[in-house]
1. Could you grab me the full set of residues in segment 266-275 that are part of a helix (DSSP H, G or I) and surrounded by fewer than 19 Cβ atoms within 10 Å (Cβ to Cβ)?
2. Would you pick out the residues in segment 11-37 that are in a helix (DSSP H, G or I), modelled with pLDDT under 90 and in contact with a helix residue (DSSP H, G or I) (Cβ under 9 Å, 6 or more places away or on another chain)?
3. Would you pick out the residues in segment 276-309 that are surrounded by 16 or more Cβ atoms within 10 Å (Cβ to Cβ) and of a type outside the set (V, I, T)?
4. What's the number of the only condition in (1) modelled with pLDDT of 95 or more; (2) surrounded by fewer than 18 Cβ atoms within 10 Å (Cβ to Cβ) that L196 fails to meet?
5. Take the residues in segment 208-219 that are under 17 Å from E261 (Cα atoms) and of a type outside the set (A, V, I, L, M, F, W, C); name whichever of them is surrounded by the fewest Cβ atoms within 10 Å (Cβ to Cβ).
6. Could you list all residues from segment 276-293 that are out of contact with any Leu (no Cβ under 9 Å at 6 or more places or on another chain) and in a loop (DSSP other than H, G, I, E, B)?
7. Any residue that is of a type in the set (S, T, Y), closer than 27 Å to L207 by Cβ and at pLDDT 95 or above - is there at least one of those in segment 78-93?
8. Within segment 125-134, identify whether any single residue is free of Cβ contacts under 8 Å to residues at least 40 places away in the same chain, in a helix (DSSP H, G or I), of a type outside the set (V, I, T) and surrounded by 15 or more Cβ atoms within 10 Å (Cβ to Cβ), and answer yes or no.
Amino acid sequence: MKRIIFALLVCCSVVLSAQNTEYLDDEKMTKFANDLTKLPFSERDVILKAVDLYKATFKDDKECGDWGYQLLYYYHELACEDKTNTLHKTWSDEQIRALKVHDIEVISGIRSGMKSFEKEYSKYGYRVISYEDTSYAIEVQPAFLYNRVKDCLTKDYAYYRKGWINEHDVPPYWHAKLVVSLSEVMRRIQWRDELLDAHPDFIRYDLVTRELENLSFIVTKGLEHTAVYDDKGVIKKEYKDALQAYYRVHTKTTWGLYYTEYIHRLALNKYRNSDDIDRWVLRTLFPEDRKNIDPLLKYKDILVDNLMD
């Protein structure tokens, strides 16, 4: 049984690197990328023009439209650099921080102007973020484009993007510490595992797999400040119970099989961790010979080469 499960995992590891680019129309995507570069990039409302361009380009082609959406999102992200420059030309870091932490003494005289700045840029899918209150930037509002073009996406890809957006602002860990519940981590694993199991030809199988690997690292390797094992090296009951509950339901999915094999290896060692188990986890989750090639790199390069001089 152990050999069968491991063989299945080896087969799965080959599939994990697969990408379904069947509907990636090179001619259409190249034209879309070039057309994006012709828009007035520095104007704050350029993303609305980009949305109109996207809809016109992919109105009758949802399959390629899934790819076009990803490039459109990248375009929106690129625009954040230009908008961040505007942010810092308009306000000092002290003023931006005061706005973010609601420091009335500092911003009492400029509150109206700063609120207007935020409100204006939010109309185009931007928001001010802080990195540990030491630096500030403009980033994309994750749902902005999705809410405007979701009807142009295939059902499966729209489902993935909606799930990703719902989780975007609540990362699972921070400073090597789990900051969501274990049940939430397992929920995030479940819908992704089930998505790939039901749709082995999903166009971003590779991307979703990367997300599953990172989530699985949390529950089978642990974080520096949230350990999977107790001080004797024995897997904690809550992790063992969660993983067993998962694979008893998901008996044939890629990640159900992974957790089955993981717990099986622990069971043979009286549920204690070992160097061999650690190496197996890392080797399985992050195979050294895997190639990570972004199918959109060619089109992203067109944007970068023409917009980021």
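The values are calculated or read from the model by the stated rules, or taken from the named source; none is laboratory data. Here the structure is a predicted model, which is why all the values come from computation and not from measurement. Here the Cβ is made from the backbone with ideal geometry for all residues, glycine too, and neighbour counts use every protein chain on show.
1. Quick first cut of segment 266-275, residues part of a helix (DSSP H, G or I) only: 266-268, 275.
Those that are part of a helix (DSSP H, G or I) and surrounded by fewer than 19 Cβ atoms within 10 Å (Cβ to Cβ): A267, L268, D275.
2. Of segment 11-37, the ones in a helix (DSSP H, G or I) are 11-16, 26-37.
With the extra rule that they be modelled with pLDDT under 90, the set shrinks to 11-16.
Residues satisfying the conditions are C12, S13, V15, L16.
3. Let us first name the residues in segment 276-309 that are surrounded by 16 or more Cβ atoms within 10 Å (Cβ to Cβ), namely 277, 280-281, 284-285, 295-296, 299-300, 302-303, 307.
Selection gives W280, L285, P295, L296, Y299, K300, L303, L307.
4. Tallying (1) modelled with pLDDT of 95 or more; (2) surrounded by fewer than 18 Cβ atoms within 10 Å (Cβ to Cβ), L196 fails exactly one: (2).
5. Checking each candidate, the answer is E213.
6. Listed by number, the residues that qualify are F286, E288, D289, K291, N292, I293.
7. Residues of segment 78-93 of a type in the set (S, T, Y): 84, 86, 90, 92.
Then keep just the ones that are closer than 27 Å to L207 by Cβ; that gives 84.
From what's left, at pLDDT 95 or above: none.
No, segment 78-93 has no match at all.
8. Here is the first cut: in segment 125-134, the ones free of Cβ contacts under 8 Å to residues at least 40 places away in the same chain are 127, 129-134.
If we keep only those that are in a helix (DSSP H, G or I) too, we end up with none.
Within segment 125-134, none of the residues are free of Cβ contacts under 8 Å to residues at least 40 places away in the same chain, in a helix (DSSP H, G or I), of a type outside the set (V, I, T) and surrounded by 15 or more Cβ atoms within 10 Å (Cβ to Cβ).
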